[in-house]
1. Among the numbered criteria (1) touching an Asp or Glu at 6+ places or on another chain (Cβ under 8 Å); (2) of a type in the set (S, T, N, Q); (3) at pLDDT below 95, which one does N79 miss?
2. When the range 123-152 is examined, which residues are found to be within 20 Å of R87 (Cβ to Cβ) and open to solvent by 70 Å² or more (accessible area, probe 1.4 Å)?
3. Mind listing just one residue for me: the one in the range 203-243 that is under 12 Å from the mean Cα position of the chain (by Cα) and small (G, A, S) and, of those, nearest to L77 (Cα to Cα)?
4. Give the residue that is most open to solvent (accessible area, probe 1.4 Å), with candidates limited to residues of the range 41-65 that are part of a loop (DSSP other than H, G, I, E, B) and either aliphatic (A, V, I, L, M) or in contact with a helix residue (DSSP H, G or I) (Cβ under 6 Å, 6 or more places away or on another chain) (or both).
5. Go through the range 225-240 and give me each residue that's in a strand (DSSP E or B) and surrounded by 20 or more Cβ atoms within 10 Å (Cβ to Cβ).
6. Inside the range 223-243, can you point out the residues that are among the small types (G, A, S) and more than 22 Å from H288 (Cα to Cα)?
7. Any residue in the range 195-222 that is surrounded by 23 or more Cβ atoms within 10 Å (Cβ to Cβ) sitting within a Cβ distance under 7 Å of a residue that is part of a loop (DSSP other than H, G, I, E, B) and hydroxyl-bearing (S, T, Y)? List the pairs, counting only those 6 or more apart or interchain.
8. Please give the number of the condition A286 fails out of (1) surrounded by 18 or more Cβ atoms within 10 Å (Cβ to Cβ); (2) at pLDDT 85 or above; (3) more than 31 Å from the chain's Cα centre (by Cα).
Amino acid sequence: MFGFHQNKKRDHNTARLSPFLGREYDTDEIEAALWEFLPWIQYEQATEIEVEAATELANSKVIGWYQGRSEYGPRALGNRSILADPRDPNVVHRINIHIKDREYFRPLAPTVLSNSVPEYFELSDTNTNPSPFMSVTLPVKESYRSRVPAVCHADGTARLQSLLSGDNPRFFKLITAFKHLTGIPMVLNTSFNIAGEPVVESPYDAIQTFLDGGLDKLFVGPYAVSRREDPQLDQIHEIMIDASRSLGSRIETSQILGEFTSRIVVHVDDSRKVQISNGEASVLRALHRAGSSADLIPADQFISRFAGSGSARRESEVWPILLGLHHKRLIALEIPVE
């Protein structure tokens with residue numbers, strides 16, 4: 001190879017390869033995924049999605065950020081990311097314990113505008129883009145550690161991603177907007193997944209993880225996604241279930257630590273399991289019996305029948321159980337479209 005370039009007098013190509021090598025999903029595919037979750041989410045097309053996302057971060061929200069092609073490699077680099085405000089000292093606990101369900105001491109990393117790296121970090125040379133792939137750990141300057149505590153580890157260091165505008169223009173625009181709002185030229189950036197799950201790949205994965213992980217908002221393609229408010233009992237017309245599934249094959253009962261209450265797990269599919277209570281299991285079984293030949297069950301008829309079927313539950317007690325099953329996406333409470 002060396003001889004080839006020498007003999008042909010060709011220059012070496014020193015351009016850095018892009019890490020964004022995964023598949024890109026088009027707007028139609030994103031919209032199809034959004035429609036599958038309509039009982040639980042609402043969404044709208046954002047006019048300036050980067051600015052809207054930055055505003056959420058500046059208000060201490062934790063968001064999912066899903067754009068373009070997925071990253072190749074071990075780090076989230078701004079296309080499949082969970083983002084948060086690096087100024088918030090409490091966000092580390094929230095992400096590690098409540099969202100990712102992992103050890104509380106796990107450090108979280110920043111993505112920093114490249115031209116701000118020398119201001120915030122101690123560098124050994126003049127390179128202002130030392131870590132484009134979030135692979136280098138640097139000391140945070142002591143004067144700035146209290147300003148970005150969420151991305152500053154106990155030893156005063158951070159494993160940063162330094163970002164040039166050409167490497168990821170949309171992500172660069174988001175962080176620039178965050179800087180304009182807060183004065184801080186970086187955001188907390190961690191991979192878009194929860195415990196036991198790989199980083200999200202498809203729009204469907206992103207929406208499911210947004211709901212299961214308890215994130216505040218999701219930005220997927222051009223859309224801003226939030227949770228739909230809980231329906232009220234008098235709004236519900238029908239209860240939607242998947243009558244084609246065999247409920248018995250999806251419920252396991254086991255005793256934990258000698259306790260008399262059972263742990264019941266519903267196997268939704270190969271990748272998703274949901275723990276439910278005994279009361280939820282009773283209602284879910286009754287729903288499947290009632291919907292053995294149909295996917296839609298009249299809500300008022302089911303609640304009246306179940307409450308009076310010897311279950312010792314009044315109608316007001318059945319409703320919270322139905323709402324809990326709805327939250328876990330084992331049923332969908334349908335509101336008539338006006």
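1. The number of the failed condition is (3).
2. Answer for the range 123-152, where residues must be within 20 Å of R87 (Cβ to Cβ) and open to solvent by 70 Å² or more (accessible area, probe 1.4 Å): E142, S143, R145, S146, R147.
3. The selected residue is A206.
4. Out of the qualifying residues, it is A46.
5. V225, I239
6. Passing the criteria: A224, S226.
7. P203/Y25
8. (1)
The values are calculated or read from the model by the stated rules, or taken from the named source; none is laboratory data. It should be emphasised that the depicted structure is a prediction, and the values quoted were computed from it without experimental measurement. Quick reminder, even Gly has a Cβ in these numbers, built from the backbone with ideal geometry, and neighbours come from all protein chains shown. Side chains included, ligands, DNA and RNA excluded: accessible areas come from the protein's heavy atoms. Shrake-Rupley method; radii C 1.70, N 1.55, O 1.52, S 1.80 Å.
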